[in-house]
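Bear in mind that the values in this text are calculations on the coordinates, not laboratory data. Just so it is clear, the structure is predicted and the values come from calculations on it, not from any experiment. Backbone-built Cβ (ideal geometry, glycine too); neighbour counts: all protein chains shown.
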DNA sequence: ACTAAATAGTACGAAATCGTATTAATGGAG
DNA sequence: CTCCATTAATACGATTTCGTACTATTTAGT
């Protein structure tokens, strides 16, 4: 691979990194005081996919060490956003369930983000974003499958 | 804005977030033991843009608090990748200069990443990536300008 | 059934990140 | 020139992230 081609891929991931940082800053500005992006991401995942999943499954979904997930879940539980119950199918394991407060704080955060999306849509209409989403999802899926489990 | 449209933008940033995590994991797997993505990013920035910049300028470029940049730079200096010298134009300030070791470790990391790009290119040819880069850069620029300095 | 390997979660400590407060230097108003 | 608000960097402490080691439980081989 020639250098110019490699630098295209490099720039791609570079842009992804900067966008993530800027997007995360925006998100956290809309979250309740003290709530950070990983907290929200877990709540959002539990709603989007389903709750009742085990901490390990969540850790894998987010590509973080299970010790990190333990810490995140402990914080969310302390604040009353999730319940950690024993897993009836495996006594080593647990299940993560959303509380009404957890659902509420996630839904409110989504509402609070809408003005930002409206602002963004003035310059980047929905169609522009929809054009690039498939590639992003495919690259994500590719990298996701390629990692050693 | 209707909910379906908002969810397009939400999904966009969601994909960005996951891609960043997967991309960062890949990058760090290619870096020398103990070197993490922010270390590499700073070295890379100093080469791509220029060295001799002040810590505060770097903190702003990376959108991190200046205390975080102080810590990152201290680590890079400890490992001999940068020199922190007094800023002749402002005695409160410093300048960050790359050492030959710093340049070398960055260039080697880039080389080590090429096989990953080659693998990626089999499924996602350069042209596909080039198609989406402009939008990513424009959204990044938009968010960058919209933040309160 | 019995033992060994694998698995789920956590305790613990190191490193990173970040907010607040502090120190030193600058620069503008008078 | 003097004063003081602003700025650059850091000290410090709280929280997050993560690697290693450990405990409890399950699974698989015999």
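Structure notes:
- Position residue A:115, label points 7 Å along Cα→Cβ, spacing to each other copy in nm (shortest first, one decimal): 5.1
- The calculated FRET efficiency for residue B:146 paired with residue B:77, based on their beta-carbon distance and R0 = 35 Å, is about 0.55.
- Nearest 10 degrees, 0 to 90: helix A:3-30 Cα axis against chain A principal axis: 50
- Separation in nanometres of the label points that stand 7 Å from Cα toward Cβ, at residue A:97 and residue A:85: 0.2
- Sorted shortest first, the separations between the residue A:83 label point and its copies elsewhere in the assembly read 6.3 nm; each point sits 7 Å from Cα along the Cα-to-Cβ line.
- Percentage relative contact order, chain A, counting C-alpha pairs under 8 Å, at least six apart: 18
- 17 Å reach of a label modelled at residue A:25, 7 Å along Cα-to-Cβ, counting backbone N of segment A:86-120: A:116-117, A:120
- Average beta carbon contacts from partner chains per residue of B:73-85, 10 Å cutoff: 0
- Label point 7 Å beyond Cα along the C-beta direction, distances from residue B:127 to other copies (nm, shortest first): 2.3
- Rg over Rh for the protein assembly as shown works out to 0.98, both radii taken from alpha-carbon positions and Rh defined as the Kirkwood radius.
- Computed E for residue B:135/residue A:56 - FRET, C-beta separation, R0 35 angstrom, nearest 0.05: 0.45
- Inter-centroid distance (Cα atoms) of segment A:25-67 relative to segment A:103-149, Å: 15
- C-alpha long axis of helix B:100-123 to longest principal axis of chain B, angle in °: 10
- Residue order, fewest to most beta carbons within 10 Å, for A:71, B:45, B:39: A:71, B:45, B:39
- Within 10 Å of each Cβ in B:40-50, the average number of Cβ atoms from other chains: 1
- When all alpha carbon pairs of chain A are counted in 10 Å bins from zero, the resulting P(r) reads 9, 31, 34, 20, 6, 1 %.
- The long axis of helix B:66-78 is offset from the longest Cα principal axis of chain B by roughly 60 degrees.
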